[in-house]
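A short worksheet on the structure shown next.
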Amino acid sequence: MTTSTTSRPTLRALLIAFALTVFAADHAAAQAAAPQAPPPPPRQEGTAQLAFVGTTGNSSTTTLSAGGDHTFRPEKWIFRNRALFVRSDASDTVTAESFLYLFRADRELTKRVSAFGSFGFLRDKPAGVSSHQDVNGGLAFKVIEVARVQFTVDAGLGYMNENRLAGDDVHSATDSFGSIFKAKLTDTTDLTDELRFLQTFDDASDWRVGHIVSLTVKMSEIFSLKVSSQVRFANLPPPGFQKPATTTAIALVAGSKKQ
(Lines give C-alpha, C1' and ligand atoms only; values in the text may rest on other atoms or scores of the structure.)
Protein backbone atom coordinates (compact mmCIF):
# COMPACT_ATOMS: atom_id res chain seq x y z
CA MET A 1 0.00 0.00 0.00
CA THR A 2 2.75 2.40 0.84
CA THR A 3 4.47 1.84 -2.49
CA SER A 4 1.18 2.36 -4.37
CA THR A 5 0.27 5.67 -2.72
CA THR A 6 3.79 7.02 -3.23
CA SER A 7 4.01 6.19 -6.93
CA ARG A 8 0.61 7.68 -7.80
CA PRO A 9 1.50 11.30 -6.87
CA THR A 10 4.87 10.83 -8.53
CA LEU A 11 3.20 9.63 -11.74
CA ARG A 12 0.72 12.51 -11.58
CA ALA A 13 3.56 14.98 -11.15
CA LEU A 14 5.43 13.49 -14.10
CA LEU A 15 2.31 13.69 -16.28
CA ILE A 16 1.73 17.33 -15.28
CA ALA A 17 5.37 18.18 -15.93
CA PHE A 18 5.22 16.43 -19.32
CA ALA A 19 2.02 18.29 -20.26
CA LEU A 20 3.51 21.63 -19.24
CA THR A 21 6.67 20.85 -21.24
CA VAL A 22 4.66 19.96 -24.35
CA PHE A 23 2.49 23.08 -23.96
CA ALA A 24 5.52 25.32 -23.50
CA ALA A 25 7.29 23.82 -26.51
CA ASP A 26 4.17 24.11 -28.66
CA HIS A 27 3.61 27.72 -27.56
CA ALA A 28 7.24 28.62 -28.28
CA ALA A 29 7.06 26.94 -31.70
CA ALA A 30 3.86 28.79 -32.54
CA GLN A 31 5.46 32.09 -31.59
CA ALA A 32 8.55 31.29 -33.68
CA ALA A 33 6.47 30.19 -36.66
CA ALA A 34 4.16 33.20 -36.65
CA PRO A 35 5.80 35.97 -38.70
CA GLN A 36 5.94 39.34 -37.09
CA ALA A 37 3.81 42.00 -38.72
CA PRO A 38 5.73 45.03 -39.98
CA PRO A 39 5.50 48.19 -37.87
CA PRO A 40 3.03 50.80 -39.14
CA PRO A 41 4.65 53.03 -41.77
CA PRO A 42 4.86 56.81 -41.28
CA ARG A 43 1.96 58.91 -42.51
CA GLN A 44 4.31 60.90 -44.74
CA GLU A 45 7.83 60.28 -45.98
CA GLY A 46 9.99 61.66 -48.75
CA THR A 47 13.48 61.56 -50.19
CA ALA A 48 15.61 63.69 -52.48
CA GLN A 49 18.71 62.39 -54.25
CA LEU A 50 21.56 63.92 -56.23
CA ALA A 51 24.51 62.45 -58.11
CA PHE A 52 27.14 64.27 -60.20
CA VAL A 53 30.17 63.00 -62.10
CA GLY A 54 32.53 65.28 -64.03
CA THR A 55 35.79 64.69 -65.91
CA THR A 56 38.26 67.09 -67.55
CA GLY A 57 41.45 66.68 -69.56
CA ASN A 58 41.50 65.09 -72.99
CA SER A 59 37.70 65.12 -72.90
CA SER A 60 35.14 66.98 -70.82
CA THR A 61 32.15 64.99 -69.62
CA THR A 62 29.48 65.60 -67.00
CA THR A 63 26.62 63.44 -65.76
CA LEU A 64 23.88 64.76 -63.49
CA SER A 65 21.18 62.67 -61.85
CA ALA A 66 18.53 64.22 -59.61
CA GLY A 67 15.24 62.95 -58.30
CA GLY A 68 12.94 62.42 -55.39
CA ASP A 69 9.83 60.70 -54.15
CA HIS A 70 7.01 61.43 -51.73
CA THR A 71 4.52 59.06 -50.07
CA PHE A 72 1.36 60.14 -48.25
CA ARG A 73 -0.77 57.62 -46.32
CA PRO A 74 -4.17 58.90 -45.19
CA GLU A 75 -6.53 56.23 -43.84
CA LYS A 76 -7.03 53.36 -46.33
CA TRP A 77 -5.07 55.22 -49.04
CA ILE A 78 -1.47 55.46 -50.26
CA PHE A 79 -0.40 58.24 -52.67
CA ARG A 80 3.05 58.06 -54.26
CA ASN A 81 4.93 60.54 -56.44
CA ARG A 82 8.34 59.89 -57.97
CA ALA A 83 10.55 61.87 -60.38
CA LEU A 84 13.99 61.20 -61.84
CA PHE A 85 16.10 63.31 -64.23
CA VAL A 86 19.37 62.16 -65.87
CA ARG A 87 21.55 64.23 -68.22
CA SER A 88 24.97 63.50 -69.70
CA ASP A 89 27.19 65.89 -71.70
CA ALA A 90 30.42 65.17 -73.58
CA SER A 91 32.41 68.11 -74.96
CA ASP A 92 29.38 70.42 -74.68
CA THR A 93 27.17 67.94 -76.56
CA VAL A 94 24.18 66.29 -74.88
CA THR A 95 24.67 62.52 -75.16
CA ALA A 96 21.81 61.34 -72.94
CA GLU A 97 18.80 62.99 -71.34
CA SER A 98 15.77 61.40 -69.76
CA PHE A 99 12.98 62.44 -67.42
CA LEU A 100 10.64 60.06 -65.60
CA TYR A 101 7.57 60.87 -63.50
CA LEU A 102 5.28 58.35 -61.81
CA PHE A 103 2.12 58.80 -59.77
CA ARG A 104 0.17 56.02 -58.11
CA ALA A 105 -2.80 55.88 -55.72
CA ASP A 106 -3.77 52.68 -53.85
CA ARG A 107 -7.04 52.15 -51.96
CA GLU A 108 -7.12 49.32 -49.44
CA LEU A 109 -10.01 46.88 -49.96
CA THR A 110 -8.88 44.16 -47.55
CA LYS A 111 -5.71 43.54 -45.54
CA ARG A 112 -4.08 42.02 -48.62
CA VAL A 113 -5.99 43.39 -51.63
CA SER A 114 -6.09 46.98 -52.88
CA ALA A 115 -7.26 48.81 -56.00
CA PHE A 116 -4.85 51.18 -57.72
CA GLY A 117 -4.64 53.82 -60.41
CA SER A 118 -1.41 55.15 -61.90
CA PHE A 119 -0.01 57.66 -64.37
CA GLY A 120 3.45 57.62 -65.91
CA PHE A 121 5.36 60.07 -68.09
CA LEU A 122 8.70 59.43 -69.79
CA ARG A 123 10.96 61.46 -72.07
CA ASP A 124 14.00 59.53 -73.29
CA LYS A 125 15.43 60.95 -76.51
CA PRO A 126 18.46 58.61 -76.62
CA ALA A 127 15.90 55.78 -76.78
CA GLY A 128 13.90 57.55 -79.50
CA VAL A 129 10.98 58.57 -77.26
CA SER A 130 10.04 62.26 -77.23
CA SER A 131 7.10 61.67 -74.85
CA HIS A 132 5.35 58.67 -73.37
CA GLN A 133 2.23 58.74 -71.21
CA ASP A 134 0.30 55.81 -69.82
CA VAL A 135 -2.60 55.46 -67.39
CA ASN A 136 -3.44 52.19 -65.64
CA GLY A 137 -5.88 50.81 -63.13
CA GLY A 138 -6.22 47.41 -61.50
CA LEU A 139 -5.74 45.31 -58.38
CA ALA A 140 -2.70 44.67 -56.17
CA PHE A 141 -2.16 41.71 -53.84
CA LYS A 142 0.24 41.50 -50.89
CA VAL A 143 1.92 38.11 -51.20
CA ILE A 144 4.31 38.59 -48.25
CA GLU A 145 4.12 41.20 -45.50
CA VAL A 146 6.31 40.53 -42.49
CA ALA A 147 8.67 42.68 -40.46
CA ARG A 148 11.65 42.52 -42.85
CA VAL A 149 10.16 41.41 -46.17
CA GLN A 150 7.28 42.77 -48.28
CA PHE A 151 6.31 41.42 -51.69
CA THR A 152 3.37 42.78 -53.72
CA VAL A 153 2.13 41.90 -57.21
CA ASP A 154 -0.42 43.73 -59.34
CA ALA A 155 -2.22 43.56 -62.69
CA GLY A 156 -4.15 46.20 -64.59
CA LEU A 157 -5.53 47.63 -67.82
CA GLY A 158 -4.87 51.05 -69.30
CA TYR A 159 -4.01 53.20 -72.30
CA MET A 160 -0.67 54.36 -73.71
CA ASN A 161 0.27 57.31 -75.92
CA GLU A 162 3.86 57.33 -77.15
CA ASN A 163 5.36 59.91 -79.54
CA ARG A 164 8.58 58.77 -81.20
CA LEU A 165 11.49 60.53 -82.90
CA ALA A 166 11.47 57.93 -85.70
CA GLY A 167 8.81 55.62 -87.09
CA ASP A 168 5.11 55.58 -86.23
CA ASP A 169 3.77 56.81 -82.91
CA VAL A 170 2.02 54.26 -80.67
CA HIS A 171 -1.50 54.76 -79.33
CA SER A 172 -3.11 51.67 -77.83
CA ALA A 173 -4.94 50.08 -74.92
CA THR A 174 -2.57 48.09 -72.70
CA ASP A 175 -2.37 45.41 -70.07
CA SER A 176 0.29 45.51 -67.37
CA PHE A 177 1.77 43.35 -64.64
CA GLY A 178 4.17 44.37 -61.91
CA SER A 179 5.82 43.46 -58.63
CA ILE A 180 7.59 45.24 -55.79
CA PHE A 181 9.94 43.36 -53.45
CA LYS A 182 11.42 45.04 -50.38
CA ALA A 183 13.80 43.45 -47.88
CA LYS A 184 15.50 44.93 -44.83
CA LEU A 185 18.86 43.18 -44.96
CA THR A 186 20.16 44.86 -41.80
CA ASP A 187 19.02 47.70 -39.55
CA THR A 188 20.75 50.14 -41.92
CA THR A 189 20.54 48.40 -45.33
CA ASP A 190 17.44 48.07 -47.55
CA LEU A 191 17.02 46.24 -50.86
CA THR A 192 14.25 47.13 -53.33
CA ASP A 193 13.42 45.32 -56.57
CA GLU A 194 10.69 46.71 -58.86
CA LEU A 195 9.58 44.99 -62.06
CA ARG A 196 6.92 46.15 -64.55
CA PHE A 197 5.68 44.63 -67.81
CA LEU A 198 3.43 46.48 -70.26
CA GLN A 199 1.96 45.18 -73.55
CA THR A 200 -0.18 46.88 -76.19
CA PHE A 201 -3.47 45.47 -77.44
CA ASP A 202 -2.78 46.57 -81.03
CA ASP A 203 0.36 44.43 -81.36
CA ALA A 204 1.14 41.59 -78.94
CA SER A 205 4.84 41.77 -79.87
CA ASP A 206 5.00 45.43 -78.77
CA TRP A 207 5.84 45.03 -75.10
CA ARG A 208 8.15 46.80 -72.65
CA VAL A 209 9.83 45.83 -69.39
CA GLY A 210 11.13 48.17 -66.70
CA HIS A 211 13.33 46.83 -63.91
CA ILE A 212 14.91 48.80 -61.05
CA VAL A 213 17.10 47.30 -58.32
CA SER A 214 18.40 49.56 -55.58
CA LEU A 215 20.44 49.14 -52.40
CA THR A 216 20.22 51.89 -49.79
CA VAL A 217 22.63 52.16 -46.85
CA LYS A 218 21.69 54.54 -44.05
CA MET A 219 24.58 56.71 -42.88
CA SER A 220 22.72 59.02 -40.46
CA GLU A 221 19.18 59.98 -39.48
CA ILE A 222 18.90 62.08 -42.65
CA PHE A 223 21.47 60.90 -45.22
CA SER A 224 21.82 57.58 -47.02
CA LEU A 225 23.91 56.23 -49.89
CA LYS A 226 21.91 54.64 -52.70
CA VAL A 227 23.21 52.40 -55.50
CA SER A 228 20.68 51.62 -58.24
CA SER A 229 20.51 49.93 -61.62
CA GLN A 230 17.63 50.61 -63.99
CA VAL A 231 16.90 48.70 -67.19
CA ARG A 232 14.23 49.66 -69.74
CA PHE A 233 13.63 47.22 -72.58
CA ALA A 234 11.32 47.82 -75.56
CA ASN A 235 10.78 44.82 -77.82
CA LEU A 236 9.80 47.08 -80.74
CA PRO A 237 11.89 50.27 -80.30
CA PRO A 238 11.81 53.16 -82.76
CA PRO A 239 13.76 52.39 -85.97
CA GLY A 240 17.49 52.92 -85.51
CA PHE A 241 17.40 52.67 -81.71
CA GLN A 242 18.51 49.81 -79.48
CA LYS A 243 16.09 47.71 -77.45
CA PRO A 244 17.68 47.95 -73.95
CA ALA A 245 18.62 51.11 -72.05
CA THR A 246 20.52 50.85 -68.77
CA THR A 247 21.17 53.49 -66.11
CA THR A 248 23.45 52.85 -63.13
CA ALA A 249 23.74 55.50 -60.43
CA ILE A 250 25.32 56.09 -57.03
CA ALA A 251 23.54 58.92 -55.25
CA LEU A 252 23.43 60.71 -51.92
CA VAL A 253 19.89 60.61 -50.58
CA ALA A 254 18.31 62.88 -47.97
CA GLY A 255 15.10 61.62 -46.38
CA SER A 256 12.48 62.64 -43.83
CA LYS A 257 9.51 60.94 -42.16
CA LYS A 258 6.48 62.31 -40.33
CA GLN A 259 3.84 60.43 -38.36
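The values are calculated or read from the model by the stated rules, or taken from the named source; none is laboratory data. Since this is a predicted model, take the numbers as computed values, not measurements. Note that each Cβ is placed from the backbone with ideal geometry, even for glycine, and that neighbours are counted across all protein chains shown. Protein only, heavy atoms only, side chains kept; ligands, DNA and RNA dropped before computing areas. Shrake-Rupley method; radii C 1.70, N 1.55, O 1.52, S 1.80 Å.
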Exercise for review: Note down the nm distance, to one decimal, between modelled labels 7 Å out along Cα→Cβ at ALA204 and at ALA254.
Suggested key: 5.1 nm
Exercise for review: Give, in nm to one decimal, the length gained when the segment between LYS184 and ALA66 is fully stretched (0.36 nm per residue of separation minus the Cα-Cα distance).
Suggested key: 40.0 nm
Review point. Computed FRET efficiency, Cβ-Cβ of ALA105 and VAL231, R0 25 Å: what is it to the nearest 0.05?
Key: 0.45
Practice item. Can you work out the PRE-style zone for ALA147? Point 7 Å along Cα to Cβ, and I want the residues of the range 186-207 with backbone N under 20 Å. Key: 186-192
Revision key, fill the gap. Non-local residues with an amide H under 5 Å from the amide H of ARG43, with H modelled 1.01 Å from N and Pro and chain starts lacking one, are LYS258, GLN259
Revision key, fill the gap. Cα-based Rg then Dmax for the range 103-229, in Å, read 17.0, 50
Practice item. Determine the per residue accessible area of the range 141-184 with all protein chains present and a 1.4 angstrom probe, expressed in square angstrom. Key: 51 Å²
Review point. Semi-axes of the equivalent ellipsoid of the range 157-230: what are they in whole Å, largest first, if each equals the square root of 5 times a C-alpha gyration tensor eigenvalue?
Key: 35, 14, 9
**Study point:** Amide H contacts of LEU236 (H built 1.01 Å from N, under 5 Å, at least 5 apart or other chain)
**Key:** TRP207
Review point. Hey, what do the phi angles of the range 190-201 turn into as Karplus ³J(HN,Hα) couplings, whole Hz, using 6.51/-1.76/1.60 and θ = phi - 60°, x for Gly and Pro?
Key: 10, 10, 10, 10, 10, 10, 9, 10, 9, 9, 8, 6
Point to revise | the range 47-155: GluC sites (Glu not before Pro) in DSSP coil with no more than 11 other Cβ atoms inside 10 Å | key: GLU75
Point to revise | List ASP168, ASP124, ordered by accessible area with a 1.4 Å probe, largest first | key: ASP168, ASP124
Review point. What FRET efficiency do you get for ASN81 and SER131 if R0 is 22 Å and r is their Cβ-Cβ distance, rounded to the nearest 0.05?
Key: 0.70
